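Written out below as structure tokens is the structure these notes cover.
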Amino acid sequence: MFITFEGIEGSGKSLQIGRAHEHLGRRGIPCLLTREPGGTEFGRALRRVLLSPDGGRREPWSELLLYLADRHQHLREEIEPALGRGQVVLCDRYQDATRVYQGAARGIPMDDIERVARLLGIIEPDRTVLLDLDVETGLGRARARNGSDPAAAAEGRFEAEDLSFHRKIRQGYLALARRFPGRIEVVDAAGSPDEVFARVRELLDRWLP
Ligand code: TYD
């Protein structure tokens, strides 16, 4: 089973996927925790370029192609082999992030994104946890983290965008949840980490009884 976690900046995605990984480990389920961009050695080099606030302007298609390069490498090198071994794969962001960041927000037509994805053999996840939160709360959390953590600040390219950009991201994700109702589960990401994880755990235990 291939499970992805998605959400706006500051939705608590990375914290929740870490807890999901621990939970499945305790249940004795073999599981790979990985992320995009940066799930491979090549991908980590791409991640530095993609997320640095420096490095000049870039065309939407230039950015899209780098995310897809990261994903293609990640699928072939990590995700598909792990699924082949029967492991559960938990991935922090994946193709839905491309649909909303490069599609809904940067304006690349969705049909074009789907066409390239098909060409590259990009598989869909089996299930997706969408951590949904209002944009003001999410950005407040993300910026507080960047203020106290220089490593997070070095990846602040998207946090620097304005509120209307992040509203498009949230709306884009909710539109995907309507388009893929069997795959994407919307989880309310407001509340304490424990409260949110209780919601996530219930889904995991339903999907992997
Ligand atoms: P992530 O490491 O999840 O950042 P955070 O934990 O701060 O949310 O994701 C890095 C950034 O990359 C995030 O701002 C969204 C962006 N991104 C895209 O624009 N397209 C993509 O296909 C992916 C995977 C990520």
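Look at the stretch 80-89 and say how many of its residues are assigned to a helix (DSSP H, G or I) and either within 13 Å of the ligand (Cβ to nearest atom) or open to solvent by 40 Å² or more (accessible area, probe 1.4 Å) (or both). Give the steps one after another, and end with the answer.
Residues of the stretch 80-89 assigned to a helix (DSSP H, G or I): 80-84.
Next, only the ones that are either within 13 Å of the ligand (Cβ to nearest atom) or open to solvent by 40 Å² or more (accessible area, probe 1.4 Å) (or both) stay: 80-81, 83-84.
Residues meeting the conditions: 4.
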Does the stretch 163-187 hold any residues that are touching a Lys or Arg at 6+ places or on another chain (Cβ under 8 Å) and of a type in the set (Gly, Ala, Ser), and which are they? Gly172
Could you list, in sequence order, all residues of the stretch 52-77 that are within 13 Å of the ligand (Cβ to nearest atom) and basic (Lys, Arg)? Arg58, Arg71
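Matching residues to (1) among the small types (Gly, Ala, Ser); (2) open to solvent by less than 40 Å² (accessible area, probe 1.4 Å); (3) more than 18 Å from Gly12 (Cα to Cα); (4) outside any loop (DSSP other than H, G, I, E, B):
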{"site": "Phe158", "(1), (2), (3), (4)": "no, yes, no, no"}
{"site": "Arg170", "(1), (2), (3), (4)": "no, no, no, yes"}
{"site": "Leu174", "(1), (2), (3), (4)": "no, yes, no, yes"}
{"site": "Gly182", "(1), (2), (3), (4)": "yes, no, yes, no"}
{"site": "Glu185", "(1), (2), (3), (4)": "no, no, no, yes"}
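Quick check on my filter: what residues within the stretch 11-26 are in a helix (DSSP H, G or I) and in contact with a helix residue (DSSP H, G or I) (Cβ under 9 Å, 6 or more places away or on another chain)? Full working, then the answer.
Initial filter on the stretch 11-26 (in a helix (DSSP H, G or I)): 13-26.
Once the filter is applied, which keeps residues that are in a helix (DSSP H, G or I) and in contact with a helix residue (DSSP H, G or I) (Cβ under 9 Å, 6 or more places away or on another chain), the stretch 11-26 yields Leu15, Gln16, Ile17, Arg19, Ala20, His23, Leu24.
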Looking at Ala152 and the list (1) near the ligand (Cβ under 10 Å from one of its atoms); (2) open to solvent by 40 Å² or more (accessible area, probe 1.4 Å); (3) free of Cβ contacts under 8 Å to residues at least 24 places away in the same chain, which single condition is not satisfied? (2)
Six or more apart or on different chains, Cβ under 9 Å: which pairs go from a residue in the stretch 98-109 that's touching a residue at least 40 places away in the same chain (Cβ under 8 Å) to one that's part of a loop (DSSP other than H, G, I, E, B) and more than 8 Å from the ligand (Cβ to nearest atom)? Could you list them? Gln102/Ile108; Gly103/Pro109; Ala105/Glu161
Filter the stretch 90-106 for residues that are farther than 22 Å from His23 by Cα and among the hydrophobic types (A, V, I, L, M, F, W, C); which is nearest to the ligand (Cβ to nearest atom)? Ala97
Do the conditions hold for Leu139, that is, is it outside any loop (DSSP other than H, G, I, E, B), in contact (Cβ under 8 Å) with a residue 24 or more places away in the chain, within 16 Å of the ligand (Cβ to nearest atom) and buried (at least 16 other Cβ atoms within 10 Å of the Cβ)? yes
Return a yes/no flag: does the stretch 161-184 have any residue that is out of contact with any helix residue (DSSP H, G or I) (no Cβ under 7 Å at 6 or more places or on another chain) and aromatic (Phe, Trp, Tyr). yes
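The values are calculated or read from the model by the stated rules, or taken from the named source; none is laboratory data. None of these values were measured; they are calculated from a predicted model. All Cβ positions, even for glycine, are placed from backbone atoms using ideal geometry, and neighbour counts span all protein chains on display. SASA here: full protein model, heavy atoms, side chains in, ligands and nucleic acids out. Shrake-Rupley method; radii C 1.70, N 1.55, O 1.52, S 1.80 Å.
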